[in-house]
Amino acid sequence: MIKIKPIVVLITLTTIAYTQEINMKTVTIQDNINTLTIEDIDPNEIRSADFAQALSNKTPSVSIVRRSFISNDIILRGQKRDNINIIIDDAKIYGACPNRMDPPTSHVTSYMIDDIKIQEGAFDVENFGTLSGVVNIKTKEPKKGFNGRLDLGFGSFDYKKASLLVSGGDEKLKALLNISKESSSQYKDANKNNFSEQIPNMMTNYQPKYKNLDAFEKLSLNMKLFANISKNQNFKLNYIANRSDDILYPSSKMDAIWDKSDLVSLNYQIDNLSKYSNNLNFQTYYSQVDHPMSIKYRNSALSKGNITNHLKSKMQGLKIKNTLLIFNSHLSIGVDSSKREWDGAYYKDIDSEILKYSSNTAKKSIDNIKTINKALFVKSKTKIDNITLDGGVRYDDTDIKKSYNSFSGNIFATIKQNDYLNYFIGIGKSNRVPDARELYFVSMMAQNPNMLTGSPNLKQTKNYEIDFGFEKLGGNFSIKTKLFYSKLIDYIYINADKMKNVFENIDAKIYGLEINGVYMPYENLFLEYALSYKRGKKDKPLQNQTDIDLAEITPLKANLSLKYEHDNTLESKIDIIGVDDWRDYDSDNGEQPIKGYMIVNANIQKKFNKAFSITLGVDNLFNKVYQSTNTYKDLTLITTGTKVNDVMLLNDPGRYIYLNAVYQF
């Protein structure tokens, strides 16, 4: 058991006690009252392009769902999947895999990212389906002149990466090109076991000829074009592409043969159009994902044949928003519409690399389901004396072979006590409709297409939430404390005891505490600290079950980061990530106890001049064996071969040493 709580309390009290007037600078995490902004998702400080791992290392509010070396998912405030919204440059992309091998986080690399804004809770009315939070990712933008950056990286487990960014232009026209490639063999845990050596079940293990297959190969591209049409008009075009091959998922029964995705977005903006329009914004986007997952590398293919579930998803959206200043308030009125398509089928004994299938060989897993949403929203921001009020309402009309309608809304108040102390409180309601998997998915084992894993009668989920807390700023420190309570009505949940229609609506609650801040004892020494604690409970057990613990409510997590800078040429950093024992878990639906852990990551960066720098780092310095991810039945995972409910816990990577070199011009 990791004794985190006394350490965190001591750090918090000590931090509040110091009030020296020292100028703060280079703060990694910057906070608005209701938004956490993370600015240094940087290739010098991470071991791969998987920014889900980097995000988990930066803030305890986010936990990683470890599936492989890359393409990992995230949990925010005890929720994942469609319960949280992932936005990339104001556009959306949905993975095609029902088993979350290709979550939205996997379709953008950390090398592309400029900053990430995380808004927790039911306080977003601009985007469809934000139930418990939105993660808004902004990729790097082109700069004037001619400039660029070359990154080369090497690490343990034969990891290799190369990334090139070039941008340039003038006031009228700017462009950017960012391309990266990376690959790695299978990582080894602290016991020196690779993927195949961790798998306990011979049937689902890798065939001898594939046991040393590389873990992945990934090629990513980002292109941008910015044009200032006139003094008050600008145009932005963005394209992101991902091409990944042979991504291994050791704790799953299948691996991805490839994962191909494309995201194109266009934004047109007019400022000061009239007295009724300070800003008019048009934004449209299109995304697609092609994802075949197969058992071809596993022993099970020798007896069952090469079974492939080939899935595709498409997403297109349009948003028009007008903002005006009225009665000292910023008022935004907009329309938002989108269409999500999801299609998939099982194929057997066909070359999954060619994938030239005839329609009569397939059995549908998801039968070209369309989710069509149309919405109106209004939001405003008003300042009255020392109180700032943010609020909004949204109406959604959604069709996914059945109709859903809903209102959502929120109000968030910030009270400025003085220059150093703010209080805040927010109340909100949000909704999200079930997706095609939850409604209509057909298992590979189903004998007929009417034996659905999905549950067609699901209701949409409603989240009623209150957040409150305070933020205190000092000359050399900051601290923000937030408490939240979320009441979930008709929450969509797995019942592991069912053979069909396994998804149910339940009522539940999630509540917790979050603390984060920065302390700067000296001008070149920074301590960033944060913790997140949450609990989740069902209102009552599912039918024929007794456990009221809610799944995926990660334990108490604390992050400490100590950074030292010397003459702007040398920077060293130590990160400590501690997670308590996983004691409160849903044993009726696949979860199991997991021991707490504490890992230490460290790196040192030397800048030789303004152009060239080298970073040497090590993650999991003390080579700890640990698991970051539990085994909720929401995912289809490997059993140990003894009991059907004994599910494999995947160990995270052992000690990882890396070297990065950066040249900027």
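The values are calculated or read from the model by the stated rules, or taken from the named source; none is laboratory data. Predicted, not measured: the structure shown is a model, and the values here were computed from it. Cβ placement follows ideal geometry from the backbone for every residue including glycine, while neighbour counts extend to all protein chains displayed.
Key figures for this structure:
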| read-out | value |
| --- | --- |
| S132 small (G, A, S), out of contact with any strand residue (DSSP E or B) (no Cβ under 6 Å at 6 or more places or on another chain) and under 21 Å from D634 (Cβ atoms) | no |
| Condition check for V600: modelled with pLDDT of 95 or more, β-branched (V, I, T), surrounded by fewer than 17 Cβ atoms within 10 Å (Cβ to Cβ) and under 24 Å from the mean Cα position of the chain (by Cα) | yes |
| Of all residues making up segment 106-120, the number that are crowded, with 23+ Cβ neighbours inside 10 Å, touching a Lys or Arg at 6+ places or on another chain (Cβ under 8 Å) and not aliphatic (A, V, I, L, M) | 2 |
| Strands (runs of 3 or more DSSP E) fully within segment 26-65 counting 2 or more residues that are modelled with pLDDT of 65 or more | 35-38, 62-65 |
| Cβ-Cβ under 8 Å pairs, at least 6 apart or on other chains, segment 227-238 side of a type outside the set (D, E, K, R), far side part of a loop (DSSP other than H, G, I, E, B) and surrounded by 15 or more Cβ atoms within 10 Å (Cβ to Cβ) | N238/D89 |
| Lone unmet requirement of (1) crowded, with 19+ Cβ neighbours inside 10 Å; (2) in contact (Cβ under 8 Å) with a residue 40 or more places away in the chain for Y464 | (1) |
| Selection from segment 231-245 of residues that are buried (at least 19 other Cβ atoms within 10 Å of the Cβ) and either among the hydroxyl-bearing types (S, T, Y) or within 18 Å of H291 (Cβ to Cβ) (or both) | I240, N242, S244 |
| Residue check, D102 in contact (Cβ under 8 Å) with a residue 40 or more places away in the chain, buried (at least 23 other Cβ atoms within 10 Å of the Cβ), assigned to a loop (DSSP other than H, G, I, E, B) and under 12 Å from the mean Cα position of the chain (by Cα) | yes |
| Checklist (1) assigned to a loop (DSSP other than H, G, I, E, B); (2) surrounded by 19 or more Cβ atoms within 10 Å (Cβ to Cβ); (3) out of contact with any helix residue (DSSP H, G or I) (no Cβ under 9 Å at 6 or more places or on another chain) applied to P434, failing item | (3) |
| Filter pass, D259 being acidic (D, E), over 30 Å from V647 (Cβ atoms) and either surrounded by fewer than 19 Cβ atoms within 10 Å (Cβ to Cβ) or under 20 Å from the mean Cα position of the chain (by Cα) (or both) | no |
| Filter result for the condition that a residue is assigned to a strand (DSSP E or B), modelled with pLDDT under 95 and of a type outside the set (S, T, Y), over K174, K143, K161 | K161 |
| Sole residue being assigned to a strand (DSSP E or B), touching a residue at least 12 places away in the same chain (Cβ under 8 Å) and at positive phi, chosen from N368, N373 | N368 |
| Candidate set: segment 177-200, residues that are closer than 30 Å to Y297 by Cβ and among the hydrophobic types (A, V, I, L, M, F, W, C); chosen: the one modelled with the lowest pLDDT | I199 |
| Tally of residues being assigned to a strand (DSSP E or B) and either of a type in the set (K, R) or surrounded by 17 or more Cβ atoms within 10 Å (Cβ to Cβ) (or both) across segment 270-283 | 6 |
| Unique match (being assigned to a loop (DSSP other than H, G, I, E, B), out of contact with any helix residue (DSSP H, G or I) (no Cβ under 6 Å at 6 or more places or on another chain) and under 30 Å from T636 (Cα atoms)) among S251, S244 | S251 |
| Answer residue from segment 121-153, given it is touching a Lys or Arg at 6+ places or on another chain (Cβ under 6 Å) and not small (G, A, S) and is farthest from H107 (Cα to Cα) among those | V125 |
| Single unsatisfied condition, T204 versus (1) under 30 Å from N620 (Cα atoms); (2) surrounded by 16 or more Cβ atoms within 10 Å (Cβ to Cβ); (3) at pLDDT 95 or above | (3) |
